[in-house]
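Contents: one structure, followed by commentary.
Bear in mind that the values in this text are calculations on the coordinates, not laboratory data. Just so it is clear, the structure is predicted and the values come from calculations on it, not from any experiment. Quick reminder, even Gly has a Cβ in these numbers, built from the backbone with ideal geometry, and neighbours come from all protein chains shown.
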Amino acid sequence: MSRIDTRPAGADRLRVPVLIASGLGTGFSRLAPGTVGSLAALVPGAFLVGHTGLLLAAIMLACLAGFWAIPRASGGADHGWVVIDEVAGQWITLLGIPARHNLIWIAAAFLMFRLLDITKPGPIGRLDRRHDEIGVMGDDMLAGVAGALLLAAAGWLLRLA
């Protein structure tokens, strides 16, 4: 059975809602678009770690942009190319990195978020099943919160050791 290609083509890819929803085109990767979107978010996000106000502003902008763009670009559907939710979730996860960090913490944040986003445990999965922009954004935002809390707990435990 062939899969229907739901990716916008040609000029449609240049529409502002599509550019936002696709994470500036990173979602059009043929291989693991969610992972590519998360990796692309990690690059600027890593520079914002330790600058909480700027990171929170970036998160708010990504969330608001996602809630605006998703219904306009995909009709509220969570197509594989929609990765603005991964951008927001990845940045939320970065909030859990301790003030004294290194690249291992950045890598841990990436892996933690991807694990939670892919497995969708508990309420993350329930949000994912909504099939609207709240579900599309909400499951990744919640995965980001869970990832941030787990990273913060790991940082706290390591300080005790």
All helices (runs of 4 or more DSSP H) inside the range 69-161 with 2 or more residues being of a type in the set (Phe, Trp, Tyr) and buried (at least 16 other Cβ atoms within 10 Å of the Cβ)
103-119
List pairs: first residue in the range 48-74 and touching a residue at least 12 places away in the same chain (Cβ under 8 Å), second residue β-branched (Val, Ile, Thr) and in a helix (DSSP H, G or I) anywhere in the structure, Cβ distance under 6 angstrom, at least six positions apart or on different chains.
59/92; 62/87; 65/20; 66/84; 69/20; 70/136; 73/18
Output yes when any residue across the range 46-55 is of a type in the set (A, V, I, L, M, F, W, C) and under 13 Å from the mean Cα position of the chain (by Cα), and no when none is.
no
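On the given criteria, is residue 62 among the hydrophobic types (A, V, I, L, M, F, W, C) and assigned to a helix (DSSP H, G or I)?
On the way: among the hydrophobic types (A, V, I, L, M, F, W, C): yes; assigned to a helix (DSSP H, G or I): yes.
When the stated conditions are applied, residue 62 passes them.
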Please identify the pairs in which a residue from the range 28-41 that is in contact (Cβ under 8 Å) with a residue 60 or more places away in the chain has its Cβ atom under 7 Å from the Cβ atom of a residue that is basic (Lys, Arg) and surrounded by 21 or more Cβ atoms within 10 Å (Cβ to Cβ), counting only partners at least 6 apart or on another chain.
35/114; 38/114
Hey, could you check the range 27-48 for residues that are hydroxyl-bearing (Ser, Thr, Tyr) and over 19 Å from residue 133 (Cα atoms) and say which is surrounded by the fewest Cβ atoms within 10 Å (Cβ to Cβ)?
35
